[in-house]
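Asks: Okay, here's the structure, questions in a sec.
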Amino acid sequence: MEVISSSPLFWGLAVLGVVLTGISKSGFAGGAGVVAVPLLALVLPVETAVALMLPVLLIMDVRTIAYYWRHRDALELKKLLPAAVLGIAIGGWLLAWVSPFALTLSLGLLSLLFAFWQRLAPLAARLPGSAWLWGTTSGVTSTLIHAGGPPLNMYLIGRRLP
């Protein structure tokens with residue numbers, strides 16, 4: 001914990017990550033909030049970065065859900081919710097088995113993949129079983145590295161919802 005309390009680099013990256021996450025959750029900056037964990041992972045082990053961001057993200061998620069609740073699409077929720085719950089269960093199981101190196105590698109690969117999400121989004125919703133694919137992926141990535149938004153965005157943007 002010495003690194004956390006004394007490193008200006010840690011505090012700068014933490015503040016930047018939280019600000020970008022807050023802006024992203026408010027509807028601006030697209031999926032920019034997904035960078036919080038990768039930024040912290042530059043100065044901390046990935047599992048520590050994930051643990052530190054969890055309370056912040058939970059509070060932001062409650063506010064986001066309250067704000068966007070009136071815009072929900074019940075049919076899409078019915079498709080995505082079982083898949084997301086399955087993904088959360090898979091992610092919880094993987095968390096007990098995955099090595100810190102594998103978690104770091106996964107974070108890097110997912111960050112690269114999600115950098116191209118705008119090009120992939122139009123195709124994402126057209127795949128057979130796409131709600132299950134992207135809902136489950138969102139649950140897994142949300143559980144492992146707090147990055148459930150980008151796969152969900154790939155599906156929802158491809159569906160052209162308001």
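The values are calculated or read from the model by the stated rules, or taken from the named source; none is laboratory data. This structure is a prediction, so every number in the text was calculated from the model and none was measured. A quick note on method: Cβ atoms are made from the backbone with ideal geometry, for glycine too, and the neighbour counts reach across all protein chains shown.
Asks: Would you confirm whether any residue within region 139-153 is in contact with a Lys or Arg (Cβ under 7 Å, 6 or more places away or on another chain), outside any loop (DSSP other than H, G, I, E, B) and surrounded by 13 or more Cβ atoms within 10 Å (Cβ to Cβ)?
Replies: For region 139-153, residues in contact with a Lys or Arg (Cβ under 7 Å, 6 or more places away or on another chain), outside any loop (DSSP other than H, G, I, E, B) and surrounded by 13 or more Cβ atoms within 10 Å (Cβ to Cβ): absent.
Asks: Would you point out which residue out of Val3, Val43, Val98 is modelled with pLDDT under 75 and over 13 Å from the mean Cα position of the chain (by Cα)?
Replies: Going through Val3, Val43, Val98 in turn, the sole match is Val3.
Asks: Residue pairs, Cβ under 6 Å, 6 or more apart or interchain, first in region 120-146 and touching a residue at least 24 places away in the same chain (Cβ under 8 Å) and within 19 Å of Glu76 (Cα to Cα), second part of a loop (DSSP other than H, G, I, E, B) and charged (D, E, K, R). List them.
Replies: These pairs meet every condition: Ala125/Arg159.
Asks: Based on this model, can you work out whether Leu58 counts as modelled with pLDDT of 75 or more, hydrophobic (A, V, I, L, M, F, W, C), outside the structural domain of Leu127 (by TED's automatic domain parsing) and over 17 Å from the mean Cα position of the chain (by Cα)?
Replies: No, not satisfied.
Asks: Cβ-Cβ distance below 8 Å, separation of 6 or more or different chains: which pairs start in region 1-29 with a residue that is assigned by TED's automatic domain parsing to the domain that holds Pro45 and part of a helix (DSSP H, G or I) and end on one that is loosely packed, with under 14 Cβ neighbours inside 10 Å and modelled with pLDDT under 60?
Replies: From residues that are assigned by TED's automatic domain parsing to the domain that holds Pro45 and part of a helix (DSSP H, G or I), the pairs are Phe10/Val3.
Asks: Next question, about the same structure. May I ask you to verify whether Phe101 is outside the structural domain of Val37 (by TED's automatic domain parsing), within 24 Å of Leu39 (Cβ to Cβ) and in contact (Cβ under 8 Å) with a residue 24 or more places away in the chain?
Replies: No: the conditions fail for Phe101.
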